[in-house]
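Enquirer: Next up is a structure, given as structure tokens.
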């Protein structure tokens with residue numbers, strides 16, 4: 001079940017470096033693309049940084065709406081993640097083509113990607129020189145939620161392998177998130 | 001063995017979202033801190049983005065030198081990673097205290113952290129408003145290298161578990177990088 005994540009815990013959804021899907025909408029148009037280059041930028045209020053190439057439809061929709069959602073896909077969606085990373089939303093409706101469902105967001109117009117394990121609804125900060133020079137968007141997370149089978153009480157629980165998050169390499173290859181370790185602290 | 005990584009492949013060292021150690025130096029002073037909030041920003045010339053909090057000694061050294069190294073530590077160094085993340089270089093010499101060796105960098109003055117599996121030598125870009133507002137540093141990668149037992153021919157090879165990269169959660173907890181997957185592409 002999708003459950004709200006308190007905003008000061010939202011950074012935990014991205015802290016371990018998973019690949020993301022960026023969903024966006026403007027008017028009747030919507031799109032979804034893959035982005036590995038996304039990370040937390042601040043704790044509270046939570047902020048994120050994400051690279052959105054200037055040649056993408058997503059960029060056009062984010063420029064127009066100043067909003068997007070970072071969705072964290074699990075292994076079960078890996079094939080769709082590769083697909084939406086390789087195709088352009090200018091050529092086809094990637095949602096329909098890759099069988100991705102949508103869920104309504106709570107604070108932004110862009111839809112959430114169904115079947116993902118975490119969602120960060122974001123409003124873009126006014127840092128246009130950084131966007132224009134580096135394709136880098138800084139944004140505030142205004143709502144966060146997660147699949148409570150996998151993330152609850154502020155902790156990831158990756159018991160089910162098909163629900164593990166992904167770490168993108170290149171050429172259609174991923175690593176899944178591996179076993180947890182808690183080394184002793186050296187005081 | 002440490003081997004050069006061609007600059008257009010340098011992004012692969014960070015693409016899967018591993019935790020990093022940031023090493024820095026200015027004059028006779030040097031430091032090392034942990035940073036999960038680091039990611040590629042561009043392919044070629046390769047660039048990175050990393051958050052360096054304004055209250056850290058690392059920030060002082062990077063502000064002065066405009067250089068740093070992103071080191072990718074393996075599981076074998078996990079305890080030291082937690083340690084350097086919890087202590088301040090203003091209180092103790094973290095290199096000595098956590099038993100971290102150094103290797104000379106090729107293009108910057110900051111040392112590399114010995115025992116890491118990849119190294120990105122970086123020169124900070126002139127984006128001071130972004131640094132000052134968001135503690136976010138954008139930098140060009142001027143040299144890259146990796147332990148060729150783990151990364152060679154442009155590919156990670158995580159056969160030895162102790163040499164796997166780490167994905168930081170919080171509270172001294174990590175995930176290691178898990179198994180590789182290559183889903184079929186949907187055309």
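Here is a yes/no grid of residues against (1) within 14 Å of chain B (Cβ to nearest Cβ); (2) over 22 Å from residue A:142 (Cα atoms):
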{"position": "A:68", "(1), (2)": "no, no"}
{"position": "A:77", "(1), (2)": "yes, yes"}
{"position": "A:88", "(1), (2)": "yes, yes"}
{"position": "A:108", "(1), (2)": "no, no"}
{"position": "A:127", "(1), (2)": "yes, no"}
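Enquirer: Here's a follow-up. Kindly establish whether residue A:23 is more than 11 Å from every other protein chain (Cβ to nearest Cβ), in a loop (DSSP other than H, G, I, E, B) and under 23 Å from residue A:167 (Cα atoms). Explain how you work it out, then say what you get.
Expert: Working: more than 11 Å from every other protein chain (Cβ to nearest Cβ): yes; in a loop (DSSP other than H, G, I, E, B): no; under 23 Å from residue A:167 (Cα atoms): yes.
When the stated conditions are applied, residue A:23 does not pass them.
Enquirer: Here is a follow-up. Taking the residues in segment A:55-76 that are within 21 Å of residue A:18 (Cβ to Cβ) and free of Cβ contacts under 8 Å to residues at least 40 places away in the same chain as candidates, determine which candidate is surrounded by the most Cβ atoms within 10 Å (Cβ to Cβ).
Expert: Looking at the filtered set, the residue picked out is A:58.
Enquirer: Does residue A:147 fit the bill of being more than 7 Å from chain B (Cβ to nearest Cβ) and free of Cβ contacts under 8 Å to residues at least 24 places away in the same chain?
Expert: Working: more than 7 Å from chain B (Cβ to nearest Cβ): yes; free of Cβ contacts under 8 Å to residues at least 24 places away in the same chain: no.
Criteria not met by residue A:147.
Enquirer: So which of A:97, A:16 ends up being more than 18 Å from residue A:142 (Cβ to Cβ), within 10 Å of chain B (Cβ to nearest Cβ) and over 15 Å from the mean Cα position of the chain (by Cα)? Break it down stepwise before answering.
Expert: Numbers: A:16 fails: over 15 Å from the mean Cα position of the chain (by Cα).
Every option except A:97 fails the conditions.
Enquirer: Do we find that residue B:81 is within 15 Å of residue B:136 (Cα to Cα) and within 10 Å of chain A (Cβ to nearest Cβ) in this structure? Full working, then the answer.
Expert: Working: within 15 Å of residue B:136 (Cα to Cα): no; within 10 Å of chain A (Cβ to nearest Cβ): yes.
Considered against the rule, which asks whether it is within 15 Å of residue B:136 (Cα to Cα) and within 10 Å of chain A (Cβ to nearest Cβ), residue B:81 comes out as no.
Enquirer: Right, something else. In segment B:26-37, how many residues are buried (at least 20 other Cβ atoms within 10 Å of the Cβ) and assigned to a loop (DSSP other than H, G, I, E, B)?
Expert: Residues flagged as buried (at least 20 other Cβ atoms within 10 Å of the Cβ) and assigned to a loop (DSSP other than H, G, I, E, B) within segment B:26-37 amount to 2.
Enquirer: Kindly indicate which of A:40, A:45 is assigned to a loop (DSSP other than H, G, I, E, B) and under 30 Å from residue B:54 (Cα atoms).
Expert: Being assigned to a loop (DSSP other than H, G, I, E, B) and under 30 Å from residue B:54 (Cα atoms) holds for just one of A:40, A:45, which is A:45.
Enquirer: Could you please let me know if residue A:157 is closer than 30 Å to residue A:27 by Cβ and loosely packed, with under 15 Cβ neighbours inside 10 Å? Let's see the steps before the verdict.
Expert: Numbers: closer than 30 Å to residue A:27 by Cβ: no; loosely packed, with under 15 Cβ neighbours inside 10 Å: yes.
Against the criterion (closer than 30 Å to residue A:27 by Cβ and loosely packed, with under 15 Cβ neighbours inside 10 Å), residue A:157 does not qualify.
Enquirer: State whether the residues of segment A:166-173 include one that is within 13 Å of chain B (Cβ to nearest Cβ), assigned to a strand (DSSP E or B), surrounded by 17 or more Cβ atoms within 10 Å (Cβ to Cβ) and touching a helix residue (DSSP H, G or I) at 6+ places or on another chain (Cβ under 7 Å). I'd like the intermediate steps shown before the answer.
Expert: So the first thing to find is which residues in segment A:166-173 are within 13 Å of chain B (Cβ to nearest Cβ), and the list is A:166-173.
Among the residues that remain, those that are also assigned to a strand (DSSP E or B) are: A:166-168.
Adding the requirement that they be surrounded by 17 or more Cβ atoms within 10 Å (Cβ to Cβ) leaves A:166-168.
Now drop any that are not touching a helix residue (DSSP H, G or I) at 6+ places or on another chain (Cβ under 7 Å), which leaves A:166.
Checked segment A:166-173: at least one residue is within 13 Å of chain B (Cβ to nearest Cβ), assigned to a strand (DSSP E or B), surrounded by 17 or more Cβ atoms within 10 Å (Cβ to Cβ) and touching a helix residue (DSSP H, G or I) at 6+ places or on another chain (Cβ under 7 Å).
Enquirer: Which of the residues that make up segment B:174-185 are outside any loop (DSSP other than H, G, I, E, B) and either within 19 Å of the chain's Cα centre (by Cα) or surrounded by fewer than 20 Cβ atoms within 10 Å (Cβ to Cβ) (or both)? Reasoning before the result, please.
Expert: Step one: of segment B:174-185, the residues outside any loop (DSSP other than H, G, I, E, B) are B:174-181.
Correct list: B:174, B:175, B:176, B:177, B:179, B:180, B:181.
Read-outs: derived from the displayed coordinates by stated rules, not from any lab. Because the structure is a prediction, the values reported are computed rather than measured. Ideal geometry is used to build each Cβ from the backbone, glycine not excepted, and the neighbour counts take in all protein chains shown.
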